[in-house]
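Structure record follows, encoded as structure tokens.
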């Protein structure tokens, strides 16, 4: 889940100690993410027994790669990342798939990163990684790079964090408060008002109202779909969305004029 340009005052992906700490927290969400990762893998346009080669961009500790390997028993997955400690974790996690994986360490900010992959692939996947590039122009360029790697008939699928509009963000906050109100009533018999719950939520915010991870401005869904189309992908789609999480992707035609 590292790409090469993260700000190191927030993350130190080259530190084995920090990566161990980060994975220790993130891995607790593996079970809830599993269904979405398997859905992403299933969107690759191949039969389950196909002998395909798939690139996982910003593979991190291998959660996305594992879903692909489980979905396609004859697949080979190339795990890309910019963090050696992350790739070490991935190697251990995927030990049961020995012989079906390889690893590439490269910085997506370097246009030559595609050369390290070693030729075209049948599909590319990525999970909550490419947004770390931050610069819209760089993300758009990486999408174009990925297009050059995908064989005709293949696909690029990306579970990404996107910017929510004010209306959808407010709707999601209200839905969360309603669910909390219902849960508290079921557990205690007390039904606090939504206003009270909203006030409590504000009090619990980090100092200044913005956490260290921040409300960074992320590209919108329309930005991502536009970059996919500009890169050359056909049928750029959003297959699933839940708040700031979206599964997006595009397919490359089998025959191109």
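The values are calculated or read from the model by the stated rules, or taken from the named source; none is laboratory data. Being a predicted model, the structure only gives us computed values, none of them experimental. Cβ atoms come from the backbone with ideal geometry, glycine included; neighbour counts cover every protein chain shown.
Observations, loosely collected:
- Unmet criterion (only one of (1) surrounded by 20 or more Cβ atoms within 10 Å (Cβ to Cβ); (2) more than 24 Å from residue 154 (Cα to Cα)) for residue 72: (2)
- Given (1) touching a residue at least 12 places away in the same chain (Cβ under 8 Å); (2) surrounded by 13 or more Cβ atoms within 10 Å (Cβ to Cβ); (3) at negative phi, number of the condition residue 192 does not satisfy: (1)
- Subset of the stretch 220-257 (residues that are without any contact (Cβ under 8 Å) to a residue 40 or more places away in the chain, over 16 Å from the mean Cα position of the chain (by Cα) and outside any strand (DSSP E or B)): 222, 226, 229, 257
- Matching residues in the stretch 1-22 - criterion: being modelled with pLDDT of 60 or more and more than 13 Å from residue 85 (Cβ to Cβ): 10
- Within the stretch 40-51, the set of residues being in contact (Cβ under 8 Å) with a residue 40 or more places away in the chain and in contact with a helix residue (DSSP H, G or I) (Cβ under 9 Å, 6 or more places away or on another chain) comprises 40, 41, 44.
- Just one of the listed residues (100, 34, 25) is surrounded by fewer than 18 Cβ atoms within 10 Å (Cβ to Cβ), touching a helix residue (DSSP H, G or I) at 6+ places or on another chain (Cβ under 9 Å) and at pLDDT below 95, namely 34.
- Hits in the stretch 53-69 (condition: in contact (Cβ under 8 Å) with a residue 40 or more places away in the chain, surrounded by fewer than 24 Cβ atoms within 10 Å (Cβ to Cβ) and over 16 Å from residue 146 (Cβ atoms)): 63
- Counting only strands (runs of 3 or more DSSP E) that fall entirely inside the stretch 46-136 and contain at least 2 residues that are over 26 Å from residue 230 (Cβ atoms) and in contact with a strand residue (DSSP E or B) (Cβ under 6 Å, 6 or more places away or on another chain), the qualifying elements are 76-81, 101-105.
- Taken as a whole, the stretch 20-36 holds no residue that is touching a residue at least 40 places away in the same chain (Cβ under 8 Å) and part of a loop (DSSP other than H, G, I, E, B).
- Looking at 167, 148, just one residue is within 26 Å of the chain's Cα centre (by Cα), at pLDDT 90 or above and part of a helix (DSSP H, G or I), and that residue is 148.
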